[in-house]
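The values are calculated or read from the model by the stated rules, or taken from the named source; none is laboratory data. Remember, it's a predicted structure, so these values are computed and weren't measured experimentally. As a convention, Cβ positions derive from the backbone with ideal geometry for all residues, glycine included, and neighbour counts pool all protein chains shown.
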Amino acid sequence: MSDVREIVMGYLDAIYGADGATARRYLADQFAFTGPAARFSDPDRFLLATEHAARAVRKIDKHKVFVDGQDACIFYDLHIDHAVGVVPVAEWYHVDGDRISAIRTILDTAPLTSKGGAGTETAFDPVCGMTVEKPSASATRTHRSQTYYFCSDACATAFEIQPERFPQTG
């Protein structure tokens, strides 16, 4: 049996170190992610959607890791390339064997979004699943006469390369 703490820390180092191939090796094929703006059951789609967020990270300060059997919880701060600067994060991981089978991420996304106010029209970014305010979308793309809105240029580029990999809802 592998060490749960070692698996979680290895995954975090890989994902925020822009090493997607190594991060993938830590994730089980039967995988579930739940976060404030998205849910995934496909580890490859999850990694594709999180690439842009991971690239915005300048530094990670890990504060505390708790391990209980096959579960681990970590509290850390992400120092990001955004006006917010630092985002506190809490994550729960479940490990089966030597792979992560579930991640639940808790963070406040409000400071990361614009303040469009009531009545602002929104759309879902088809790559990462985030809710995007249409007037402040980082990018848009048109595919088959449908306009799609994106939280970042990286999500828009991923969509542009392979639009059929993502849900077709604008």
Tell me yes or no: at least one residue of region 12-21 is over 30 Å from Ala123 (Cβ atoms) and either loosely packed, with under 13 Cβ neighbours inside 10 Å or in the same structural domain as Pro126 (by TED's automatic domain parsing) (or both).
yes
Hey, does region 140-152 have a residue that's outside the structural domain of Arg45 (by TED's automatic domain parsing), out of contact with any Cys (no Cβ under 7 Å at 6 or more places or on another chain) and among the small types (Gly, Ala, Ser)?
yes
Give the residue, chosen from Asp77, Asp44, Asp68, Asp61, that is under 13 Å from the mean Cα position of the chain (by Cα), free of Cβ contacts under 8 Å to residues at least 24 places away in the same chain and more than 18 Å from Thr131 (Cβ to Cβ).
Asp44
Assess whether Asp44 counts as being of a type in the set (Asp, Glu), in contact with a helix residue (DSSP H, G or I) (Cβ under 9 Å, 6 or more places away or on another chain) and surrounded by 14 or more Cβ atoms within 10 Å (Cβ to Cβ).
yes
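Taking Arg165, is it charged (D, E, K, R) and either out of contact with any Asp or Glu (no Cβ under 6 Å at 6 or more places or on another chain) or assigned by TED's automatic domain parsing to the domain that holds His52 (or both)? Please lay out each step first, then the result.
Values: charged (D, E, K, R): yes; either out of contact with any Asp or Glu (no Cβ under 6 Å at 6 or more places or on another chain) or assigned by TED's automatic domain parsing to the domain that holds His52 (or both): yes.
Answer is yes for this residue.
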When region 122-158 is examined, which residues are found to be surrounded by fewer than 20 Cβ atoms within 10 Å (Cβ to Cβ) and in a helix (DSSP H, G or I)?
Lys134, Pro135, Ser136, Asp153, Thr157
Enumerated helices (runs of 4 or more DSSP H) restricted to region 1-72, each holding at least 2 residues that are among the aliphatic types (A, V, I, L, M), farther than 16 Å from Ala102 by Cβ and touching a Phe, Trp or Tyr at 6+ places or on another chain (Cβ under 8 Å)
43-55
When only residues in region 73-97 that are touching a strand residue (DSSP E or B) at 6+ places or on another chain (Cβ under 9 Å) and outside any strand (DSSP E or B) count, which is modelled with the lowest pLDDT?
Asp81
